[in-house]
Structure formats: structure tokens, C-alpha cells
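This is the structure I have questions about; it appears just below.
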Amino acid sequence: MKKRYKIFLLILILTLALVGAFFIYASDYYKADKLAIAGLNNEKFITVDKNLTILTPEKPSETALIFYPGAKVEAIAYLPILEKLRKNGITCILVKMPFNMAIFNQKAADKVFDKLPNIKNWYIGGHSMGGAMASSYAANNKEKVEGLILLGAYIYGELSPEDAITIYGTFNSNLEKNIDYTENVIIIDGGNHAQFGNYGKQKGDPDATISSEEQQNIAVEAILEFIKTRDSK
């Protein structure tokens, strides 16, 4: 009996230690900068519905992008790049993930579609791990989405490159070993990994030689062209 109690106590201690270590790890995340936080003040075009931040264009839109943030990045850090898309007529739905990690809610998009019944053309995308989870979702739900948008990420799952656009910077070239396709690949000269979002420098990420706004503008232009081509089919 005493031996069983000791085993139980050991398991309990190890479990608590692992849970504690996870919460310490998850609580240390990249926070949105002042520009991103200020984006929440745009109450005319931005609404928050639980874990969703919805950016609505001035004119009614039939095209929308569901966006998954990068791992351990505060979701609103992506408001600046999504605001650029919103101004170009794309409804954007930014998903706040549990513990700021999309791996814990890969199917988050399932709860988005019914909220915007007027949308006809749905896209999904994300940055880094968010891109990987969005790619997996797109691969498993081809009938729901028109295309996939990847920032600092690559296609993950059974999906044709013609159904996706892959965008990354020259200082994020470590992705290339995982990219065995050339279709719809945009490489931003001088861009790095972190500058698709507004959360400052990321550990291990080289300094970019262009500004975050320049990097995001190039990405937005490529995304708009990709969506335009897909929607016209």
C-alpha cells in the first residue's frame, strides 16, 4: 500500500511540474507593439467576438480571410497587415488561439463560416505555426476554402501549390529545405520571419534590411493578386 502511495505521489508531483513548466513556457510570448494595439481603436470597422477579431471593409465584401497567428505571438500583432487587406476590400477574421498557439485549435475556422453568411469566397492563412495549422485545415477542408495564404510557412498536408501562396523573406531562407515547389512562391528581398507581424524582434531571427511596413506591403500586394486570380476562376 505504501509503495503504491509513493508511486501515486511521484506521478502527481511530475504531472504538476510538467503543467507548471508548460504554463511558464506559454506565458512568455511576443506581445503586440503600440501600432498593433492602436488598431483596436478602429471601432467602425473592427469588432471583437470572443476569440475572433473581425475586420470589415467599408464596402460589403464577398471575400474573407481567416488568419491563424504564429506560435507564442499575441494575435493582435497581425492587425496592421490585416488592416491593409481590409482597406483593399477583404474581410479578415483574426483568431486568438489557446495559449497563443494554433496547434491547440487547428479547427478554429469551423466556427467562423456561419458568422458571415454573405461571404462567398473563403480563404485561410497564417504565419509560421499558424500557417502550418491553416495549411493542414485547408488540406482537409478543400470544399470550404478557395485558397491558402502562408507567411513565413510552407504547405503542410496534401494540397496543390496552385491552391496556395507561400511568402517569406530572404532572411527566413531556412524554410527553403521544406519547399519542394516553385508555383506561387514569393520571396521578399530583405525580409525576415517576424516582420509579417508587429511584435518586435524574434529570437534567432536575423535583422531585416527593409522595414516591417515595406515587408507587409509587398506581402499584401502578392496576396491580393493571388485572391484576384482565384476569385476570377
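Only one of (1) modelled with pLDDT of 95 or more; (2) part of a helix (DSSP H, G or I); (3) more than 11 Å from the chain's Cα centre (by Cα) is not met by residue 122, so which one is it?
The failed condition is (2).
OK, next. Does residue 49 satisfy the condition of being surrounded by fewer than 20 Cβ atoms within 10 Å (Cβ to Cβ), over 20 Å from residue 186 (Cα atoms) and either of a type in the set (Lys, Arg) or without any contact (Cβ under 8 Å) to a residue 12 or more places away in the chain (or both)?
On the way: surrounded by fewer than 20 Cβ atoms within 10 Å (Cβ to Cβ): yes; over 20 Å from residue 186 (Cα atoms): yes; either of a type in the set (Lys, Arg) or without any contact (Cβ under 8 Å) to a residue 12 or more places away in the chain (or both): no.
So residue 49 fails the test.
Would you tally the residues in region 193-233 being surrounded by 13 or more Cβ atoms within 10 Å (Cβ to Cβ) and among the basic types (Lys, Arg)?
Residues that pass the stated criteria total 2.
Do you know which residues across region 78-107 are within 15 Å of residue 42 (Cα to Cα) and in a helix (DSSP H, G or I)?
Passing the criteria: 78, 79, 80, 81, 82, 83, 84, 85, 86, 87.
The values are calculated or read from the model by the stated rules, or taken from the named source; none is laboratory data. All of these numbers come straight from a predicted model, not from anything done at the bench. Glycine also receives a Cβ, built like all others from the backbone with ideal geometry; neighbour counts cover every protein chain displayed.
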